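Undergrad: Take this structure first; my questions come after.
The values are calculated or read from the model by the stated rules, or taken from the named source; none is laboratory data. Fair warning: this is a prediction, and the values are worked out from it, not measured in the lab. Quick reminder, even Gly has a Cβ in these numbers, built from the backbone with ideal geometry, and neighbours come from all protein chains shown. When the accessible area is computed, the model is the full protein with side chains, heavy atoms only, and any ligands, DNA or RNA have been set aside. Shrake-Rupley method; radii C 1.70, N 1.55, O 1.52, S 1.80 Å.
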Amino acid sequence: MTELSGKTVVITGAARGLGAEAARQAVAAGAHVVLTDVLADEGRATARELGERAAFQPLDVTSEQQWGEVLDFTRHQFGGVHGLVNNAGVSTGQPLADESAEHFRKVLEINLVGVFLGMKAVIPDLRAAGGGSIVNVSSAAGLMGLALTGSYGASKWGVRGLTKIAAVEHGTDRIRVNSVHPGMTYTPMTADVGIRRGEGNYPNTPMGRVGEAPEIAAAMVFLLSDAASYITGAELAVDGGWTTGPTVRYVLGQ
């Protein structure tokens, strides 16, 4: 159902974590994948691991010129592009009143403007291919208000809204645009701030645990595939039920 044979996908922030796992699953589903990241050494190593259907190109998502270079590279390497995963981003947490305007702008530049530039760059190629799929990685913080996420939350709400606008504008181009909203997920980045994997380690969610990178990546690959051919403008929460509301646990028989 998630067959991607004959398709070429560009994935940002693909050197490690969710982006690397999405690249791994896309290659396994038959796609050619161009991995991009500012972490060039790690990105090249990940691409080598994935074999001849993967290649790496450096990318700062805030640079329109570098986006053009990525598209030129993709056309030369694999003949064109059929899908994009806008995964690159930065996470941050501090009280709104303590956040500087400079930091706020920087986070929006990476997390939101970077997504805009990516969509703008690939849309002509997707039109030429007769359609395609764009998957924008937002967050649970783009579905609800979370303390200490001023710039991050604002950027992820922006990604959610921009996704819907693009879906409306490009539906007749057969370009599907959807957003994925991960909850707390175990990655190298979250491990550094003390997030632990395993049952019972995250009682904030109904499922009682954090997500794993393969679970989030599977949603991205599904939305890239023809199995999601009538899905556009959707927001797919992959968060263990976190955004459904306050967690209340029931014990049968009590």
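Undergrad: What are the ³J(HN,Hα) couplings of the range 145-153, residue after residue, when phi is run through the Karplus curve with 6.51, -1.76, 1.60 and θ = phi - 60°? Round to Hz, x for glycine and proline.
TA: Taking θ as phi minus 60°, the curve returns x, 10, 4, 6, 10, x, 6, 5, x Hz for the range 145-153.
Undergrad: Now, a different point. Per residue, how many Å² of accessible area does the chain show with a 1.4 Å probe? Let's see the in-between values first.
TA: Numbers: 12070 Å² over 254 residues.
Normalised by residue count, the accessible surface of the chain is 48 Å².
Undergrad: Further, regarding this structure: With angles folded into 0 to 90 degrees, how steeply does helix 114-128 sit against the dominant principal axis of the chain? Use alpha carbons for both and round to 10.
TA: Helix 114-128 sits at roughly 40 degrees to that axis.
Undergrad: Right, something else. May I ask for the angle, rounded to the nearest 10°, between helix 213-224 and the longest principal axis of the chain, with both axes built from Cα atoms and the value confined to 0 to 90°?
TA: 50
Undergrad: Here's a follow-up. Share of the chain's accessible area from carbon and sulfur, percent, 1.4 Å? Present the calculation step by step, with values, prior to reporting the outcome.
TA: Details: 6650 of 12070 Å².
C and S fraction of accessible area: 55 percent.
Undergrad: Loop only by DSSP, 14 or fewer other Cβ within 10 Å of the Cβ. Give me the chymotrypsin sites (Phe, Trp or Tyr not before Pro) in the range 178-230 that pass, ordered by residue number.
TA: On the way: sites: Y186, F222, Y230; in loops: Y230.
Answer in residue order: Y230.
Undergrad: Could you tell me whether the range 69-154 comes out rounded, prolate or oblate from its Cα gyration tensor? Rule is a ≥ b ≥ c as square roots of the eigenvalues, rounded for a/c under 1.5, then prolate if a/b exceeds b/c, otherwise oblate. Please report the intermediate quantities before stating the final value.
TA: Numbers: a/c = 3.70, a/b = 2.42, b/c = 1.53.
It comes out prolate by the Cα gyration axes.
Undergrad: Something else about it: Using 0.36 nm per residue, how much length does the chain from K164 to K120 gain when fully extended, once their Cα-Cα distance is taken away? List each step's numbers first, then the result.
TA: Details: separation 44, 0.36 × 44 = 15.84 nm, distance 1.44 nm.
Length difference between fully extended and current span is 14.4 nm.
Undergrad: Here is a further query. In the range 23-91, which GluC sites (Glu not before Pro) fall in coil by DSSP and have 11 or fewer other Cβ atoms within 10 Å?
TA: Working: sites: E42, E49, E52, E64, E69; in loops: E52.
Passing both the DSSP loop test and the Cβ count: E52.
Undergrad: Taking amide H positions as placed 1.01 Å from N in the peptide plane, with prolines and chain starts having none, which residues 5 or more places from R176, or on another chain, fall under 5 Å of its amide H?
TA: When sequence neighbours closer than 5 places are left aside, the close amide H contacts are G132, S133, I134.
Undergrad: List every residue whose amide H lies under 5 Å from the amide H of L59, counting only residues 5 or more places away in sequence or on a different chain, with H placed 1.01 Å from N in the peptide plane.
TA: D37, V38
Undergrad: Can I ask one more? Hey, what D do you get for the chain in µm²/s if you plug the Kirkwood alpha-carbon radius into Stokes-Einstein at 10 °C and 1.306 mPa s? Kindly include the intermediate steps, with their values, before the conclusion.
TA: Values: Rh = 18.4 Å.
Estimated via Stokes-Einstein, D reaches 86 µm²/s.
Undergrad: Let me ask another. What is the range 1-105's relative contact order, in percent, from Cα pairs under 8 angstrom and six or more apart in sequence? Mind showing how you got there, number by number?
TA: Values: 173 pairs, mean separation 30.7, N = 105.
Normalised by residue count, the contact order of the range 1-105 is 29 percent.
Undergrad: Sticking with this one: Could you rank the peptides 145-154, 26-35, 76-85, 12-21 by their average count of other C-beta atoms within 10 Å per residue, with the highest value first?
TA: Top to bottom by mean Cβ count within 10 Å: 12-21, 26-35, 76-85, 145-154.
Undergrad: Okay, which of the range 16-31 sit inside 15 Å, backbone N to the point 7 Å along the Cα-Cβ direction of E52?
TA: Within reach of a label on E52, which here means backbone N under 15 Å from a point 7 Å along Cα→Cβ, the range 16-31 contributes 31.
Undergrad: Okay, moving on. Where in the range 1-37 does the amide nitrogen come within less than 13 Å of the point 7 Å from the Cα of D60, taken along Cα to Cβ?
TA: none
Undergrad: Loop-only GluC sites (Glu not before Pro) in the range 161-243, please: DSSP not H, G, I, E or B, and at most 13 other Cβ atoms within 10 Å.
TA: Working: sites: E169, E199, E212, E215, E235; in loops: E199.
For GluC sites (Glu not before Pro) across the range 161-243 that sit outside H, G, I, E and B with at most 13 neighbouring Cβ atoms in 10 Å, the list reads E199.
Undergrad: OK, next. Whole-Hz Karplus ³J(HN,Hα) for the range 49-54, in order, using 6.51 cos²θ - 1.76 cosθ + 1.60 and θ = phi - 60°, x for Gly and Pro?
TA: Rounded to whole hertz, the list is 4, 7, x, 6, 8, 10.
Undergrad: With angles folded into 0 to 90 degrees, how steeply does helix 64-78 sit against the dominant principal axis of the chain? Use alpha carbons for both and round to 10.
TA: 60
Undergrad: Using a Förster distance of 41 angstrom, determine the FRET efficiency expected from the C-beta separation of S229 and L96, and round it to 0.05.
TA: Once rounded, the FRET efficiency stands at 0.50.
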